[in-house]
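Engineer: Shown below is the structure under consideration.
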Amino acid sequence: MIPAIIVCAAVTFSLRFVPVLVAHRYRDREDLQEFAALLPAGLMLILVVYTLLEADSGAQLGRLLLAAAVSVLVKLGTKNFLVGFVAGFLVYSLSGLLF
Amino acid sequence: MNTEKGSLAWALRVTVPVAMGYLPLGMAFGAYSVSLGFAPYLAPLTALVVFAGSIEFLLVGLVAASVGLAQIVVTTLLVNSRHIFYGFSYPSHLLHSPFAKVYGPYALTDEAYALISSGVHPTTQRELLLVQGVSHFYWVFGAAVGAFAGGLVPDSFDGFDFALTGLFSLLFVDALAGASRRVAILAAAGVSIGVGLLLPRSLFLLGAMLCYALLCVLLVRFAGSRPGRSSGRRGHGSATAAEGTV
């Protein structure tokens, strides 16, 4: 675990540190800005699917999907990230008692 | 209470939105890490050293699945690649001491970036580092509480399994709302997920993400938006999308 933490931290730090050093050189590159704008949404959706693949059973997959949907709807309704997260968490935990 | 700009009380006040995200998610991370079988001290240690949120959830999962360091490097590169673009508008000119010059970029998380570039606008090294340091503390503290108290949660309770799905679902919606080419993004992500599903399970994340990054490069190169459109607005959309990301 410790080597993994160090490797992960080193990569993360490099990703944050190097751009600060070269900031002025590339800040006006439009293609890079466009590329950066496209990345997050798709990567997050891939990560959602990744977590769904980890489900142990069809029942757990159903609970995850239900809770994620509730979480997103509550977030969109309240405009509050945390409220959405907690709502999904509650739905997921409580549905575990039923299925 | 002294809430003058640059005081600790000021920093605690302006970072309330970050605390609302970092404390519960940090606790979820700590409990999740322990639920995978890791010693409790490893969660706050990871939180302190890596300080990058979603990759930490993935990291403990990958280590638990005994993947190699190479896959951890590539996954970290891909998941945190978005951080590359924060440096471009980070007020590094405020940093003077050697420690600050390293710690500032080191603690440049999505939330810190969102706060610094949209809400707080620090004007001194002290203000900038206070905001980032206080945020760092929330995350490590949350992970410690989750790791040490989460062990008291019975094995039959699997609620923390939702943390990752919930986090990424909400960040996905945020990111999509802030993006300008939603159809292209959804199509590219759909194709990438399809490609990933064709691969062995252990290569899904890597394969799908590489495919998506490649498709994004192609989208920019061959189907880029018309020159007349403001890139400044897209840049802003990206910063908005990052809000709420850990």
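Engineer: Condition first: open to solvent by less than 30 Å² (accessible area, probe 1.4 Å) and assigned to a helix (DSSP H, G or I). Now tell me which residues in region B:89-116 satisfy that. Walk me through it before giving the result.
Structural biologist: Step one: list which residues in region B:89-116 are open to solvent by less than 30 Å² (accessible area, probe 1.4 Å), which gives B:90-91, B:94-95, B:100, B:104-105, B:107-116.
Once the filter is applied, which keeps residues that are open to solvent by less than 30 Å² (accessible area, probe 1.4 Å) and assigned to a helix (DSSP H, G or I), region B:89-116 yields B:94, B:100, B:104, B:105, B:110, B:111, B:112, B:113, B:114, B:115, B:116.
Engineer: Mind checking which residues of region B:9-46 are of a type in the set (A, V, I, L, M), within 10 Å of chain A (Cβ to nearest Cβ) and open to solvent by less than 10 Å² (accessible area, probe 1.4 Å)?
Structural biologist: B:25, B:28
Engineer: A further question on this structure: Is one or more of the residues making up region B:54-75 buried (at least 20 other Cβ atoms within 10 Å of the Cβ), at pLDDT 90 or above and not in a helix (DSSP H, G or I)?
Structural biologist: No, region B:54-75 contains no residue that is buried (at least 20 other Cβ atoms within 10 Å of the Cβ), at pLDDT 90 or above and not in a helix (DSSP H, G or I).
Engineer: Let me ask something additional. Filter region B:183-207 down to the residues that are at the interface with another protein chain (Cβ under 7 Å from one of its Cβ atoms) and within 19 Å of residue B:173 (Cα to Cα), then identify the one that is surrounded by the fewest Cβ atoms within 10 Å (Cβ to Cβ).
Structural biologist: The selected residue is B:193.
Engineer: Sticking with this one: Looking at region B:118-214, what helices (runs of 4 or more DSSP H) fall wholly within it and have at least 1 residues that are of a type outside the set (Lys, Arg), under 30 Å from residue B:5 (Cα atoms) and more than 18 Å from the chain's Cα centre (by Cα)?
Structural biologist: On the way: elements: B:125-150, B:161-178, B:182-198.
Fully inside region B:118-214 and qualifying: B:125-150.
Engineer: A further question follows. Counting only residues that are among the hydrophobic types (A, V, I, L, M, F, W, C) and more than 7 Å from chain A (Cβ to nearest Cβ), how many does region B:168-182 have?
Structural biologist: Residues of region B:168-182 that are among the hydrophobic types (A, V, I, L, M, F, W, C), as a first pass: B:168, B:170-173, B:175-177, B:179.
Going one step further and asking which of them are more than 7 Å from chain A (Cβ to nearest Cβ), we end up with B:177.
Residues meeting the conditions: 1.
Engineer: Given the options B:221, B:181, B:201, name the one that is in contact with a Leu (Cβ under 8 Å, 6 or more places away or on another chain), of a type in the set (D, E, K, R) and modelled with pLDDT of 85 or more.
Structural biologist: Details: B:221 fails: in contact with a Leu (Cβ under 8 Å, 6 or more places away or on another chain); B:201 fails: modelled with pLDDT of 85 or more.
Within the list B:221, B:181, B:201, the selection yields B:181.
Engineer: Read through the list (1) open to solvent by less than 50 Å² (accessible area, probe 1.4 Å); (2) more than 19 Å from the chain's Cα centre (by Cα); (3) of a type in the set (Ser, Thr, Tyr); (4) closer than 30 Å to residue B:191 by Cβ, then give the number of the only condition that residue A:51 fails.
Structural biologist: (2) is the only condition that residue A:51 fails.
Engineer: State all residues of region A:76-88 that are under 15 Å from the mean Cα position of the chain (by Cα) and open to solvent by 30 Å² or more (accessible area, probe 1.4 Å); if no residue qualifies, say none. If you could, list the steps in order and put the result at the bottom.
Structural biologist: So in region A:76-88, the residues under 15 Å from the mean Cα position of the chain (by Cα) come out as A:81-82, A:84-85, A:88.
A:81, A:82 - these are the residues of region A:76-88 that are under 15 Å from the mean Cα position of the chain (by Cα) and open to solvent by 30 Å² or more (accessible area, probe 1.4 Å).
Engineer: Looking only at region B:209-218, decide whether some residue is modelled with pLDDT of 90 or more and within 20 Å of residue B:62 (Cβ to Cβ).
Structural biologist: Scanning region B:209-218 turns up at least one residue that is modelled with pLDDT of 90 or more and within 20 Å of residue B:62 (Cβ to Cβ).
Engineer: If only one of A:21, A:47 is facing chain B (nearest Cβ under 7 Å) and assigned to a helix (DSSP H, G or I), which one is it? Outline the logic, then answer.
Structural biologist: Details: A:21 fails: facing chain B (nearest Cβ under 7 Å).
Criteria check complete, one pass: A:47.
Engineer: Please work out if residue B:51 is outside any helix (DSSP H, G or I) and either open to solvent by less than 40 Å² (accessible area, probe 1.4 Å) or over 24 Å from residue B:158 (Cα atoms) (or both). Please lay out each step first, then the result.
Structural biologist: Details: outside any helix (DSSP H, G or I): yes; either open to solvent by less than 40 Å² (accessible area, probe 1.4 Å) or over 24 Å from residue B:158 (Cα atoms) (or both): yes.
Yes: the conditions hold for residue B:51.
Engineer: Still on this model: Test each condition in (1) over 21 Å from residue A:85 (Cα atoms); (2) at pLDDT below 90; (3) assigned to a helix (DSSP H, G or I) for residue B:18 and report the one that comes out false.
Structural biologist: In the conditions (1) over 21 Å from residue A:85 (Cα atoms); (2) at pLDDT below 90; (3) assigned to a helix (DSSP H, G or I), residue B:18 misses (1) alone.
Engineer: Working only within region A:43-99, note down all residues that are charged (D, E, K, R) and under 30 Å from residue B:217 (Cα atoms). So that I can check it myself, show each step before the final result.
Structural biologist: Initially, region A:43-99 is screened for residues charged (D, E, K, R), giving A:54, A:56, A:63, A:75, A:79.
The answer is A:54, and nothing else.
The values are calculated or read from the model by the stated rules, or taken from the named source; none is laboratory data. Because the structure is predicted, anything quoted here is derived from the model rather than measured. Glycine gets a Cβ as well: all are built from the backbone with ideal geometry, and neighbour counts include every protein chain shown. Remember, those area values only see protein heavy atoms, side chains included, never the ligands or the DNA or RNA. Shrake-Rupley method; radii C 1.70, N 1.55, O 1.52, S 1.80 Å.
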